[in-house]
Amino acid sequence: MITAERKSFDQIKESIKEFESLLVLGCGTCVSVCMAGGEKEVGLLASELRIKNRLDGRDVRIGEATIQRQCDQEFIGPILETARKYDAVLSMACGAGVQLVAEMLAPMRVIPALNTRFIGITQEEGVWVERCRACGNCVLADYGGICPITMCAKSLVNGPCGGSKGGKCEASNEKDCAWVLIYNRLKKQNRLENIFKMFMPKDYSTQAHPAQMVNEAYLKVGVEEKHGK
Ligand code: SF4
Ligand code: SF4
């Protein structure tokens, strides 16, 4: 999932201070799982803003809504009419969601309430860790299912840097050395010979931004023309 965390209340307050009405818009997918921007967090932030405005003697109309995904037009469409009744939207989605909502509501202002962090997993309740940098050319099969690009502080693909101590990374002794993890995993899989393989420098041409992905099987007439088919 894409992980994100809420900006500080002071930052949020500063970014919306000019508006007299505001829709706090949550997203029910990734940011809901990492407890940053789902329905519950929308309720909490909206309440905090209402209390603060009351204490400051400001009369600001704060609305709340959460849609299933802010990165998908079909879920944003039904909320457009409601959103336009406000001066601005305070989006609690990841950066992709904020941008699509802003595009569909333009020129209305859409303000981000979260900082988008990384693609990761839930390690334990309340702890999320990065696992993938979306490199576009997945090499997990060669490394026992452990990503050297993400898990190694130096993204080394041909063995460790030599700085690891006690199984920990030299960049941070709180983090496991990715290459110790890879070694142990390959050993358990009886595939240690993989450690001695030389891998070519990783092809980062897939990292050109902004990236695009097209699934031809789903292209419709008209969309095909748009993509030059
Ligand atoms: S190699 Fe690593 S960064 Fe690339 S797609 Fe696979 S898990 Fe993600
Ligand atoms: S100690 Fe291990 S994880 Fe850290 S940079 Fe070196 S090889 Fe990568």
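Just so you know, all these numbers are worked out from the coordinates, no wet-lab data involved. Worth saying up front: this structure is predicted, and the values here are computed from it rather than measured. Every residue, glycine as well, gets a Cβ built from its backbone with ideal geometry; the counts of neighbours run over all protein chains shown.
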- Task: Can you tell me the order of 90-96, 149-155 when each peptide is scored by its average per-residue count of other Cβ atoms within 10 angstrom, highest first?
- Result: 90-96, 149-155
- Item | Exposure proxy ranking, count of Cβ atoms within 10 Å, fewest first, for SER32, SER164 | SER164, SER32
- Mind giving me the FRET efficiency for ILE195 and ARG117? R0 is 22 Å, r the Cβ-Cβ distance, nearest 0.05 is fine. 0.10
- Task: Taking 7 Å along the Cα-to-C-beta vector as the label spot, tell me the ASP10-LYS187 distance in nanometres, rounded to one decimal.
- Result: 4.9 nm
- Chain lengthening between SER205 and ALA96 when straightened (0.36 nm per residue, less Cα-Cα): 37.1 nm
- Message: Considering just Cα atoms, how many Å³ per residue does the convex hull of segment 2-118 enclose?
- Response: 81 Å³
- Task: Can you tell me how much longer the chain between ARG54 and ALA106 gets when fully stretched, taken as 0.36 nm per residue apart minus their C-alpha distance, in nm with one decimal?
- Result: 15.8 nm
- Message: On a straight-distance basis, which lysines could pair with LYS168 in a cross-link, Cα separation under 28 angstrom, same-chain partners fewer than 8 positions away excluded?
- Response: LYS154, LYS187, LYS188, LYS197, LYS202
- Task: Using per-residue counts of other Cβ atoms within 10 Å, averaged over each peptide, order 67-79, 119-131 from highest down.
- Result: 67-79, 119-131
- Message: What distance in nm separates the two pseudo spin-label positions at VAL33 and TYR218, each 7 Å out from Cα along the beta-carbon direction?
- Response: 1.7 nm
- Task: May I ask for the angle, rounded to the nearest 10°, between helix 178-188 and the longest principal axis of the chain, with both axes built from Cα atoms and the value confined to 0 to 90°?
- Result: 60 degrees
- Query: Taking the Cα-to-Cβ direction at LYS154 and at ASN137 and moving 7 Å from each Cα, how far apart do the two end points lie in nm?
  - Reply: 2.1 nm
- Task: On a C-alpha basis, how far is the centre of segment 38-105 from the centre of segment 155-212 in Å? Whole number, if you could?
- Result: 41 Å
- Query: Taking the Cβ of ASP142 as the center, what net charge do the other residues with Cβ under 12 Å away carry, scoring Lys and Arg +1 and Asp and Glu -1?
  - Reply: +3
- Message: With angles folded into 0 to 90 degrees, how steeply does helix 95-105 sit against the dominant principal axis of the chain? Use alpha carbons for both and round to 10.
- Response: 30 degrees
- Order of LYS202, LYS188 from fewest to most other C-beta atoms within 10 Å? LYS188, LYS202
